[in-house]
Amino acid sequence: MKLSKHAKLHSRNDAGFTLIEVLISMFILTIGLLSLLGVLGLAVSATMASEEDGIAKQLAQDAFENIYTARDSANIDWPDVENTGAAGGIFVPGFQPINNAGNDGIIGTADDSGAGALALSLPGPDGITGTADDIPVPLTNFKRQISITDVNSGGSLVANLKTVTVTIQYTTPRSKFPKQYVLSGYISQYR
């Protein structure tokens, strides 16, 4: 008995997928899903690193503005705007832990070590900052250095101008090596 042309085509379409075809499609689907999972991991890591980058930027800006505020409010005299060891300076050189401002209210001075470590407060389950359920975030992976240098112009010292460089050094979960955020600018004797 001869099958018609239509019956031959119909019987070929009903055959379905072979086991090999199913295995190949599952393999391709698995590779695609694993790739997406890897991208998701990178995105989460980058988000965490960008949060720490933002914290470093804010810590540097706070220290820099604190020096200006101390100068403007006459809490310190112009000769005090130096690193310790220099002519009467009050700012501790080298990388220091991120501590609260000490009794003098100025960030980066010797009395900060007795003021305790600075911690950020994130809103707790109620979503409101400043309540009892806030979550403290310690800044133990951050260090700050305040470097104050004289300005030379054409080989001569500019007596009423200094360079302030605030460096925040920190680590991120994604990197084995410390990252740095550097903020540099000038401060003058005049308010």
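The values are calculated or read from the model by the stated rules, or taken from the named source; none is laboratory data. Keep in mind it's a predicted model, so treat the numbers as computed, not measured. All Cβ positions, glycine included, derive from the backbone under ideal geometry; neighbour counts span all protein chains shown.
Name the residue that is surrounded by the most Cβ atoms within 10 Å (Cβ to Cβ), counting only residues in the stretch 78-109 that are touching a Gly at 6+ places or on another chain (Cβ under 8 Å) and of a type in the set (D, E, K, R). For the stretch 78-109, the residue satisfying everything is E82. When the stretch 157-191 is filtered for residues that are more than 21 Å from I90 (Cβ to Cβ), modelled with pLDDT of 90 or more and among the polar types (S, T, N, Q), the ones remaining, listed by number, are Q169, Q180.
A count restricted to the stretch 85-131 and to residues that are of a type in the set (S, T, Y) and in contact with a helix residue (DSSP H, G or I) (Cβ under 7 Å, 6 or more places away or on another chain) stands at 0.
Within the stretch 83-122, the set of residues being β-branched (V, I, T) and in contact (Cβ under 8 Å) with a residue 40 or more places away in the chain comprises V92, I98, I106, I107. For the residues S184, S156, S121, the requirement of being in contact with a strand residue (DSSP E or B) (Cβ under 8 Å, 6 or more places away or on another chain), among the polar types (S, T, N, Q) and over 18 Å from E51 (Cα atoms) singles out S184. Which residues, taken from the stretch 54-67, are loosely packed, with under 15 Cβ neighbours inside 10 Å and touching a residue at least 40 places away in the same chain (Cβ under 8 Å)? Of everything in the stretch 54-67, those that are loosely packed, with under 15 Cβ neighbours inside 10 Å and touching a residue at least 40 places away in the same chain (Cβ under 8 Å) turn out to be K57, Q61.
Taking the residues in the stretch 157-179 that are part of a strand (DSSP E or B) and touching a helix residue (DSSP H, G or I) at 6+ places or on another chain (Cβ under 8 Å) as candidates, determine which candidate is surrounded by the fewest Cβ atoms within 10 Å (Cβ to Cβ). Filtering the stretch 157-179 for residues that are part of a strand (DSSP E or B) and touching a helix residue (DSSP H, G or I) at 6+ places or on another chain (Cβ under 8 Å), the one surrounded by the fewest Cβ atoms within 10 Å (Cβ to Cβ) comes out as N160. If you go through the stretch 114-128 and pick out every residue that is within 20 Å of Q58 (Cβ to Cβ) and surrounded by 12 or more Cβ atoms within 10 Å (Cβ to Cβ), you end up with 7. Please determine, by comparing only the residues of the stretch 129-140 that are without any contact (Cβ under 8 Å) to a residue 24 or more places away in the chain and of a type in the set (A, V, I, L, M, F, W, C), which one is farthest from A60 (Cα to Cα). Filtering first and then ranking leaves A132.
Applying the selection to the stretch 129-141, what residues are touching a strand residue (DSSP E or B) at 6+ places or on another chain (Cβ under 6 Å) and either surrounded by 14 or more Cβ atoms within 10 Å (Cβ to Cβ) or basic (K, R) (or both)? Within the stretch 129-141, D134, N141 qualify.
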